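Novice: One structure is given below, represented as structure tokens, and several questions about it will come after.
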Amino acid sequence: MMNAKSQLTVTFLPDNCSASVKHGVSLLEAVRKAGIKLPTRCGGKAGCMMCKVSVESADAGALRPPAEAEKRKLGSLLDEGVRLACQAAVWGDVRVHIPEDPLKAAVRRRLEAARRGEAEDLW
């Protein structure tokens, strides 16, 4: 079903940045347009599974349903809202959760702890 809007909004969490894209554009293209780094090695062929993102069930209909290649690769992860950014095409406005880089997550946790006045002996 074609969306009536000419431009769709993809919002990437947790950074809350967004990109305007046309109907049918892959999430991987939208990620790049938003200037977000999302690893991939296979060139968008559903081979490396590095571009996993998650979408809440309320937004699942804003993406093209998974094709066979994505179903084979993700299996039961699809039930948890995990999609391959290289395979999922945007059909409507959608919010997408990008996995946080482990180092960035550790730094964020340290900063949050420091703001709360908690001391950690990790440094």
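Every read-out reported here was derived from the displayed coordinates using simple, explicitly stated rules and does not represent laboratory data. Every value quoted in this text rests on a predicted model; they were computed, and no experiment measured them. Quick reminder, even Gly has a Cβ in these numbers, built from the backbone with ideal geometry, and neighbours come from all protein chains shown.
Novice: With a ≥ b ≥ c the root eigenvalues of the C-alpha gyration tensor of the stretch 9-75, is it rounded (a/c under 1.5), prolate (a/b larger than b/c) or oblate? Please list the in-between numbers first.
Specialist: On the way: a/c = 1.66, a/b = 1.25, b/c = 1.33.
Judged from the Cα gyration tensor, the stretch 9-75 comes out oblate (a/c at least 1.5, b/c at or above a/b).
Novice: Suppose the chain between Ala106 and Leu77 were pulled fully straight at 0.36 nm per residue; how much longer would it get relative to their current alpha carbon spacing?
Specialist: Details: separation 29, 0.36 × 29 = 10.44 nm, distance 2.49 nm.
Stretched out fully, the Ala106 to Leu77 stretch lengthens by 7.9 nm.
Novice: Just to confirm a number: summing +1 for Lys and Arg and -1 for Asp and Glu over residues other than Ala19 whose beta-carbon lies under 10 angstrom from that of Ala19, what do you get? Could the numbers behind the result be given before it?
Specialist: Numbers: positive: Arg32, Lys33; negative: Glu29.
My count for the surroundings of Ala19 gives +1.
Novice: Quick one: Debye curve from the C-alpha atoms of the chain, no solvent, what's log10 I(q)/I(0) at q = 0.19, 0.22 Å⁻¹?
Specialist: Computed log10 I(q)/I(0) values: -0.99, -1.23.
Novice: Quick one: among Glu68, Glu56, Glu80, which has the greatest mean-square fluctuation in a GNM of the chain with alpha-carbon springs under 10 angstrom?
Specialist: Between Glu68, Glu56, Glu80, it is Glu68 that shows the largest mean-square fluctuation.
Novice: Something else now. Let me know the Rg and Dmax you get for the stretch 52-123 when you use only its Cα atoms, in Å.
Specialist: Taking only Cα atoms of the stretch 52-123, I get Rg and Dmax of 16.9, 50 Å.
Novice: If you don't mind, another one. Straight distance only, please: which lysines reach the Cα of Lys52 with their own Cα at less than 18 Å, same-chain residues fewer than 8 apart left out?
Specialist: Partners found: Lys33, Lys37, Lys71, Lys73, Lys104.
Novice: Now for a separate question. Residue farthest toward the positive end of the dipole of the chain, with Cβ of Lys/Arg at +1 and Asp/Glu at -1: which of Leu13, Leu111, Ala34?
Specialist: Ala34
Novice: If we count trypsin sites (Lys or Arg not before Pro) as exposed when they sit in a DSSP loop and have at most 16 other beta carbons within 10 Å, what is the longest stretch of the chain that avoids them all?
Specialist: On the way: sites that count: Lys5, Lys22, Lys37, Arg41, Lys45, Arg116.
After excluding every exposed loop site, the longest remaining stretch is 46-115.
Novice: Running a GNM on the chain with Cα contacts under 10 Å, which residue among Leu84, Leu27, Leu38 ends up with the highest mean-square fluctuation?
Specialist: Highest fluctuation of the listed residues: Leu38.
Novice: Report the extension gain between Glu56 and Ala69 in nm, rounded to one decimal, defined as 0.36 nm multiplied by the number of residues separating them, less their alpha carbon distance. Write out the running numbers ahead of the final one.
Specialist: Working: separation 13, 0.36 × 13 = 4.68 nm, distance 2.11 nm.
Stretched fully, the Glu56-Ala69 segment lengthens by 2.6 nm.
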